[in-house]
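The values are calculated or read from the model by the stated rules, or taken from the named source; none is laboratory data. Computed from a predicted model, the values in this text were never measured in an experiment. Counting neighbours? That spans all protein chains shown, and the Cβs are built from the backbone with ideal geometry, glycine included.
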């Protein structure tokens, strides 16, 4: 198949959606499909070979300038290339500008207005490029925040448009209330322009059908997949005298709830009889969340546990593999109802037993893998109990880790994800061809 997949860059952050989109494109390319992975906003950052195009469309700087300065809505395209260049966008991304949805309401609404918004010129650039490309079988948008591209792309190319649903509710819920209501209304008005939606979990299919008023029968599920090539299970059994190492690998942000894990660790150490332990933390830290990490570190000092806590920054792929191989239990007690949970799959693929909140996509993941324990969300004592169970039963923990690794291989590999996405794409393309044939037949009869 010939596939165009847009992917939304997230500045200098390792983004779960970018990692998913890139892994899928790599797998499809390896199978011989003609795939174009096209970044929007900024270049993407991945921890594996990046197969996206170098040129960025719908560039983040242009989008911002056109929102706030009327002059830039009329500048020549040739001039726009200065700030749309990959080099300039990477330079801006390195400045680590905070992205706060609370301050991006007007820009979000303008983007959702599509050709009627301030970013009309950016849409025209995309359409100009597409008209010069050989036809694609399917065109995939990375999230519902870009749904305003669906109708003009469909009109310009005559090809079916698919939208992946993979976590945009977190951003939308962070908008000011009035902007959130308007944004949801604009998305719902444009659902009919999309040929098919793909949710990354069963949970998210059900949730987004209600959240965005999408008929459930128009949403397919293609479960998340991870590359397990270098994420082999360690298969080790922790000895009773070993230091018990708890690991956290995710964005360091309030919705991921490192503060809940810190409290659970305090209970584990002070009230559950675990005498030797460490809490190791890694993941992207945005500028606006530095004070959040500092508050967690302060609490650890107040509890006399600072020497047992370490933040490792945002490791690259080898660093992540090594980090996951060094821990005895994995826990990200996310308050947010995760639709993806890539980090949980990677930890299980490495053979690490996990403790996860009983909400979002986690229950279906653990039902398929048996790689960990589910506990009530937002309950530090419950997380402490789950970690204590792994600590107290190392043999069972080892078996749980091996089961999780096997479950990820069977249900959540990149190959399995690609199989399902191709099945959906083929169905969309066939349906579109049948509809076009019917239209041509009607035209001939006239």
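Scanning segment 176-199 for residues that are within 21 Å of the chain's Cα centre (by Cα) and over 21 Å from residue 429 (Cβ atoms) returns 180, 183, 184, 187. Residue count for segment 318-339, restricted to those that are within 18 Å of the chain's Cα centre (by Cα) and under 20 Å from residue 230 (Cβ atoms): 1. The residues of segment 1-19 that are at pLDDT 95 or above and crowded, with 21+ Cβ neighbours inside 10 Å, listed by number, are 3, 4, 5, 6, 7. Among residues that are part of a loop (DSSP other than H, G, I, E, B) and under 30 Å from residue 109 (Cβ atoms), residue 185 is not included. Out of 386, 407, 395, 401, one residue alone is assigned to a helix (DSSP H, G or I), modelled with pLDDT under 95 and in the same structural domain as residue 262 (by TED's automatic domain parsing). It is 395.
Evaluate the following for residue 60: is it crowded, with 21+ Cβ neighbours inside 10 Å and out of contact with any strand residue (DSSP E or B) (no Cβ under 8 Å at 6 or more places or on another chain)? For residue 60, the condition - crowded, with 21+ Cβ neighbours inside 10 Å and out of contact with any strand residue (DSSP E or B) (no Cβ under 8 Å at 6 or more places or on another chain) - is not met.
Condition (residue is farther than 22 Å from residue 311 by Cβ, surrounded by fewer than 14 Cβ atoms within 10 Å (Cβ to Cβ), at pLDDT 90 or above and assigned by TED's automatic domain parsing to the domain that holds residue 406) applied to segment 258-271: is it met by at least one residue? Yes, segment 258-271 contains at least one residue that is farther than 22 Å from residue 311 by Cβ, surrounded by fewer than 14 Cβ atoms within 10 Å (Cβ to Cβ), at pLDDT 90 or above and assigned by TED's automatic domain parsing to the domain that holds residue 406. For segment 333-341, the criterion of being touching a residue at least 12 places away in the same chain (Cβ under 8 Å), in contact with a strand residue (DSSP E or B) (Cβ under 9 Å, 6 or more places away or on another chain), farther than 17 Å from residue 204 by Cα and buried (at least 22 other Cβ atoms within 10 Å of the Cβ) is met by at least one residue. Those residues that are assigned to a strand (DSSP E or B) and in contact (Cβ under 8 Å) with a residue 60 or more places away in the chain, I need them from segment 358-382; list them, please. Within segment 358-382, no residue meets the criteria.
Kindly check whether there is at least one residue in segment 413-423 that is out of contact with any strand residue (DSSP E or B) (no Cβ under 9 Å at 6 or more places or on another chain) and either at pLDDT below 95 or buried (at least 24 other Cβ atoms within 10 Å of the Cβ) (or both). The answer is no; no qualifying residue exists. The test for being surrounded by 17 or more Cβ atoms within 10 Å (Cβ to Cβ), at pLDDT 95 or above and over 24 Å from residue 23 (Cβ atoms) holds for residue 305.
Against the definition (within 23 Å of residue 362 (Cα to Cα), touching a strand residue (DSSP E or B) at 6+ places or on another chain (Cβ under 9 Å) and surrounded by fewer than 20 Cβ atoms within 10 Å (Cβ to Cβ)), how does residue 255 come out, yes or no?
No: the conditions fail for residue 255.
Given 336, 343, which one is closer than 27 Å to residue 287 by Cβ and assigned to a helix (DSSP H, G or I)? After ruling out the rest, the residue left standing is 343.
Considering only residues that are farther than 19 Å from residue 382 by Cβ and in contact with a strand residue (DSSP E or B) (Cβ under 9 Å, 6 or more places away or on another chain), which ones fall in segment 224-249?
Our first condition is that a residue be farther than 19 Å from residue 382 by Cβ; within segment 224-249, this holds for 224-243, 245, 249.
Once the filter is applied, which keeps residues that are farther than 19 Å from residue 382 by Cβ and in contact with a strand residue (DSSP E or B) (Cβ under 9 Å, 6 or more places away or on another chain), segment 224-249 yields 225, 226, 227, 228, 238, 243, 245, 249.
Looking across segment 397-406 at every residue that is touching a helix residue (DSSP H, G or I) at 6+ places or on another chain (Cβ under 9 Å) and farther than 13 Å from residue 231 by Cβ, the one that is surrounded by the fewest Cβ atoms within 10 Å (Cβ to Cβ) is identified as 403.
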